Amino acid sequence: MLSYCALSASSGWVLQTVQKLDQPAGRYTQVRTSIDGRPTMVWNGCGPVAGLRFCRCSDPTCSTWAPAITLPIDSNPRFIRMEFILNLPTFVYSACNGTELHLTRCADQDCKRMQTRTIARAETVRHPGLAGTADGQILVAAELSNSTVRPRGCSLILLRFGANLTLRHSSVIDRSEFPYAHKSLLPSGGFEMPCLIGGGSHLAYWRAESQELVLVFWVDSSNASALVVDSNRTATSSPGAWTRGVSVENGATLILAFWDVALGYLLLARCTTRTRRCSAPEVADQTGRRDLSDFGAGAFPDFQMQPAGTGRGPVLAYFSEDDASTSGMLKLLTCADPRCNDFEVTVGARGKPGFGRDASVSFAAATMIVTFLDLQGNDSELSMVARFATFKPGHIQGATLMGRAQTTERFTMKMPVESDESMTSMMLCNAVVSNRGFAPHNVTLIFRISVSTATPALRFSSSSSSSSNRNSQLFDGSAYVDDSPALRFGECANFIVHVRTHHVQLASSDGANGTGRFIALASPGRSYAVAYRADSTALRLIAPSSEFREEIPVGWNRFVWANLCPRCGNVSAWVSDYQKQINPVEPMACCGHAINETEGPPGPSLGAVGMFTQFRPMAMPSDPIAPICFPWAHDQYNGRGEPFQMLLGPNLTMTILSGHTPVVYGTAQGTWCPYITPPQNMYTNSS
């Protein structure tokens, strides 16, 4: 069983979708965003799709993507690295059964034309690193090892090429008479996982023979110098595996992430390029299997800076198994600042053992794309699946970092491996008021998600839920599987579900219950549902977006309105200082129907206000019921989601937007919203 984990709202990045790219395939995945804003993805294909597989997303959020093609370069490219250099895809990889190092540069964004050259040969070619300079030079670092031919031993080389792949300079950075060897849990020789940092200015690598992490400052200059960043703590300790690094603060600081696999540590070190010194390594996570097998911790991670202007630092995507080795995890280390002084560690997605390996990270249009390999629990080529996941920022109202090295793994959904159905993020919110129509105190709601008994069951679990709640039940012809954690009034939970119809059972801690259904849509911004109180003992669910089928023009947005207050009668919503009635003809009745309003630019601004009133047709406002406030900025909703305004009771409203914390207005638990009285010349018609 696979499982995908939807993070809590306070996480740095919130999982939206997990998609299948290719099978059998997925080793050495890479994703980078081109100058046109569209992510480009490559990976190693196996069997009938053997070779270097290449595809491009159709848009920055990768809602669709072109079919993968196999580039005509090598039947089994290994240790693939990709970067955009002078805005063109450039690859370096081990070829010819691991005996040659090849460099390929595409002549166009779609790689319809390319140039390839062999740049090194050895009995064993491993782990190249790749970087590009601002003027288009290409730097490659690689490990070359010979066991039986001369020169015997292992070399770490650095090569510099022009944009036309002409070799301009070569040098040997490190040399050992011992060849690469890996006969136990860890290698006993070799210069593993070289990582070029800062456009190739610096080079970090694992010196397996001496069990240490080495950093060479200004590696491609006559002023180069090497520093041991970390060395073995015990006889078996060997820090430096899976080293990745980023350059921050205009090149003044380097952040290194690396593993001491034998101890199960993920470590961070901060290095200053001016003084050529590094801080003492800091343990960021204690990760699963302590070897370099296909299920070992780390397993081809990626460390990339978040987009400029966010004020936040890099994101590390990496693989780990759980303590029992029963599942694989795609994990994220998200830095809150460029120097990564504060960070959080979260589980982005979970599956069978081997799920989350070979991760790669890129950013486009406020979306993080992570490609990865899913072994589906079997160390077999035919079992391999190339996947990618999309994440949206979790920096929402009221969100804070969870602190250092804490895991925010809240909801887990399991699905059959065989399913190729698309997944989406569904936001379920608690808007259940008290019997008197107020925001309740200490009353919680549990969602129980189901699918038809004729389809594979989705399984949700929580570390805080009781095992006694985990027995499947039959209700309205559906199989209900597991409970969500209890949500307080005004809280939402994100669930990763199939794009299709789902049934829900609702139960509040004050004894009310009910059922509902929602259609999960492919667009996460349109996949939301809200539980509300229909009467003293009955709960209902409203999921309106699937009812709205029309296409809206580019630049327009949809705004959704609903009356979820049984005691409020028929109502109207008024905005723009009572100049616009949202429902001028038909009343907004309680409780299961929503009004779909579309609006062109510029759209409502942050802080816009209005009122729910008793319904009177055709621009005749009546008795006020509750104020309306709009807490969303244009860039939060424009093209991203549907602001949903709900009347819950007298002087009580709630508004939600996918990916953001709900905002409640009115009563002691809500946020203040101004009470706007209708103009007197209009109010006289209210009787």
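Laid out as a table, the results:
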quantity	calculated
Per-q log10 I(q)/I(0), the stretch 55-114, q = 0.12, 0.14, 0.17, 0.26 Å⁻¹ (Debye; single scatterer per alpha-carbon; no solvent)	-0.33, -0.44, -0.64, -1.16
Sum of -39500 (n - 2.57) over DSSP H runs of 4+, divided by residues of the chain (222 nm, nearest 500)	0 deg cm²/dmol
The chain, dipole about Cα centre (Lys/Arg Cβ +1, Asp/Glu Cβ -1), debye to the nearest 20	560
Angstrom value of the Kirkwood radius, inverse mean 1/r, which spans all Cα pairs in the stretch 52-173	15.2
Thr275 paired with Ala538, simple spin-label distance in nm, labels 7 Å along Cα-to-beta-carbon	7.0
Cα gyration tensor shape of the stretch 264-314, rounded if a/c is under 1.5, else prolate or oblate by comparing a/b with b/c	oblate
Sites Asp623 and Ala366 - FRET efficiency at Förster radius 41 Å, r taken between beta-carbons, to 0.05	0.50
Fraction of alpha-carbon pairs over 27 Å apart in the stretch 195-322 - percent	16
Per principal axis, descending, Cα span of the chain in whole Å	99, 52, 47
Stretch gain in nm, segment Ala608-Ser75, where the contour uses 0.36 nm per residue and the Cα spacing is subtracted	186.0 nm
Cα-projected label distance for Ala633 with Arg567, points at 7 Å along beta-carbon direction, nm	3.8
Cβ-derived FRET efficiency at R0 45 Å, Ser222 paired with Val499, nearest 0.05	0.20
Prolate/oblate/rounded call for the stretch 119-243, Cα gyration tensor, a/c under 1.5 rounded	oblate
Average accessible surface area per residue within the stretch 80-145, 1.4 Å rolling probe, Å²	34
Distance cut-off 23 Å, percentage of C-alpha pairs in the stretch 486-584 lying past it	40
Candidate aspartates and glutamates - alpha carbon under 14 Å from Lys392, same-chain residues fewer than 8 apart omitted	Asp635
Burial ranking of peptide ranges 45-57, 103-115, 81-93 (average Cβ count within 10 Å, highest at the top)	81-93, 45-57, 103-115
Karplus (6.51, -1.76, 1.60) ³J(HN,Hα), θ = phi - 60°, over the stretch 195-210, in Hz, Gly and Pro reported as x	10, 8, 10, x, x, x, 6, 10, 9, 10, 7, 9, 8, 5, 4, 9
Size descriptor, Kirkwood hydrodynamic radius, that averages inverse alpha-carbon separations across the stretch 1-121, Å	15.5
Sites Thr236 and Ser576, calculated FRET efficiency, Cβ-Cβ separation with R0 60 Å, nearest 0.05	0.30
Equivalent-ellipsoid semi-axes of the stretch 502-647, from the Cα gyration tensor, Å, largest first	25, 21, 13
Within straight-line cross-link reach of Lys112, lysines at Cα separation under 30 Å, skipping those fewer than 8 residues along the same chain	Lys20
Percent accessible area from carbon and sulfur atoms, the chain, protein chains only, probe 1.4 Å	50
Charge context of Ser434, other residues only, Cβ under 14 angstrom, K/R +1, D/E -1	+2
Label-point separation in nm, Arg436 to Glu123, each point 7 Å along Cα→Cβ	8.4
The stretch 137-290: relative contact order as a whole-number percent, Cα under 8 Å and 6+ apart	13
For the stretch 572-610 versus the stretch 217-277, the gap between their alpha-carbon centres in whole angstrom	56
Area accessible to solvent at Ser176, 1.4 Å probe radius, in Å²	10
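The values are calculated or read from the model by the stated rules, or taken from the named source; none is laboratory data. What you are looking at is a predicted structure, and each value in this text was computed from that prediction instead of being measured. With ideal geometry, Cβ positions are generated from the backbone for all residues, glycine too; neighbour counts draw on all protein chains shown. Ligands, DNA and RNA are excluded from the accessible area calculation, which covers all protein heavy atoms including side chains. Shrake-Rupley method; radii C 1.70, N 1.55, O 1.52, S 1.80 Å.
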